[in-house]
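Data block below; observations after.
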Amino acid sequence: MRIEVEQPAKASLPKRVSYSQMSLYQQCPLKYFFSYIAGWREPPTSALAGGSITHEVCEYLYRLEPQDRTLDAAMDLLREHGPRMLRSNEYKPFENDLKMKHSVKEAIENLFKVEDPKQVVVQPEHIEMELSVDINGVNFFGKVDRFTVDGVNRVTDYKTGKSPGKFIDDKLAQPYLYALGFKTQHDIDVDEVELIFLNAQEVVRRPADSGLVLAQGENLAQMRVASEFDVANSSWEARVSRLCDYCAFERVCPARTPDAPAPGSSQCNTKLTEAGLLHK
Ligand code: SF4
């Protein structure tokens, strides 16, 4: 169902496209409009705070010399960086969230159950590596959690939260796109992609099949062309799915709330503000 929206006359797409943007557009173009054109975002959640702290600890752990990557060292890093991050304005509301803190601790402990950090061959410059490259005419950017070279060139992303179950292929789209970014920007062939689901204690590895890798580049280009059409026509598709139940914009989405005001209108903005969403 296509929805006419109220856009500023000079509305434009973000200059660079990340995997998150592409994924959100694929899920629902109207949700993408609310987030990236109208500039709304949900307030930080406890899950986001926990995921950020976990990633920070993993980053600092793998910056240590291999022999120093012990569980005790990881817990020291957690004690150092956890409170620091929870003092930031963004995550302060979760300073006393014991459930989240327990989940982060468990995720770090689980890292040592799914792999031996001392055995991981990684260079400091290959941690939190930034990609910024033209892929099929699209200015793509991303940050890779880890790139390891141990006979196999492998792109790894850590995930917190639940096991992906049958949605694993959707989750793999991200490292496949990063593999294409590596090849295009650095002329490095990635052999394998890996997702480490820390809380679920699951490691998923797949060969970086060239067909799957190239397909993500095509998806990126298609998403950009389609979103250019949408912004030029002030009309975005509301793609109704089971994910609508978790969508912060459901209350102002004409596909789900029949008497909702036009997306982008001042009435719509008032409702989103009342619902606690933040405007950039
Ligand atoms: S409620 Fe569903 S259709 Fe509407 S914006 Fe959200 S995801 Fe899209």
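The values are calculated or read from the model by the stated rules, or taken from the named source; none is laboratory data. Keep in mind that what you see is a predicted model, and the values were worked out from it rather than measured. Note that each Cβ is placed from the backbone with ideal geometry, even for glycine, and that neighbours are counted across all protein chains shown.
Worth pointing out:
- Residues of segment 249-280 that turn out to be surrounded by fewer than 17 Cβ atoms within 10 Å (Cβ to Cβ) and of a type in the set (Phe, Trp, Tyr), as a count: 0
- Filtered residue count, segment 195-231, keeping only those that are within 28 Å of Ile37 (Cα to Cα) and polar (S, T, N, Q): 4
- Tally, over segment 30-62, of residues that are part of a helix (DSSP H, G or I) and either at pLDDT below 95 or more than 30 Å from Phe229 (Cβ to Cβ) (or both): 17
- Segment 48-90, subset basic (Lys, Arg) and free of Cβ contacts under 8 Å to residues at least 12 places away in the same chain, residue farthest from Lys271 (Cα to Cα): Arg79
- The residue of segment 22-47 that is farthest from Lys101 (Cα to Cα), among those that are in contact (Cβ under 8 Å) with a residue 24 or more places away in the chain and more than 16 Å from the ligand (Cβ to nearest atom), is Pro43.
- Val57 vs. criteria surrounded by 21 or more Cβ atoms within 10 Å (Cβ to Cβ), touching a helix residue (DSSP H, G or I) at 6+ places or on another chain (Cβ under 9 Å), aliphatic (A, V, I, L, M) and within 18 Å of Gly161 (Cβ to Cβ): yes
- In segment 154-167, the residues that are crowded, with 21+ Cβ neighbours inside 10 Å and of a type in the set (A, V, I, L, M, F, W, C): Val155
Residues checked against (1) at pLDDT 95 or above; (2) in contact with a Leu (Cβ under 9 Å, 6 or more places away or on another chain); (3) assigned to a helix (DSSP H, G or I):
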| residue | (1), (2), (3) |
| --- | --- |
| Met75 | yes, no, yes |
| His102 | yes, no, yes |
| Lys105 | yes, yes, yes |
| Asn110 | yes, yes, yes |
| Lys113 | yes, no, yes |
| Phe140 | yes, yes, no |
| Lys162 | no, no, no |
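- Taking segment 124-153 as the range and being over 19 Å from the mean Cα position of the chain (by Cα) and buried (at least 16 other Cβ atoms within 10 Å of the Cβ) as the test, the residues that pass are Asn136, Thr148, Asn153.
- Residues (under 29 Å from Leu180 (Cα atoms) and either within 16 Å of the ligand (Cβ to nearest atom) or crowded, with 16+ Cβ neighbours inside 10 Å (or both)) located in segment 222-237: Met223, Arg224, Ala226, Ser227, Asp230, Val231, Trp236, Glu237
- Failed item, numbered, when Leu272 is tested on (1) within 8 Å of the ligand (Cβ to nearest atom); (2) over 14 Å from Pro29 (Cβ atoms): (1)
Residues are listed down the side, and each one gets a yes or a no for (1) β-branched (Val, Ile, Thr); (2) in a helix (DSSP H, G or I); (3) more than 18 Å from Ser23 (Cβ to Cβ):
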site: Val144; (1), (2), (3): yes, no, no
site: Leu177; (1), (2), (3): no, yes, no
site: Thr184; (1), (2), (3): yes, yes, yes
site: Leu195; (1), (2), (3): no, no, no
site: Val204; (1), (2), (3): yes, no, no
site: Gly211; (1), (2), (3): no, yes, yes
site: Leu214; (1), (2), (3): no, yes, no
site: Glu218; (1), (2), (3): no, yes, no
site: Trp236; (1), (2), (3): no, no, no
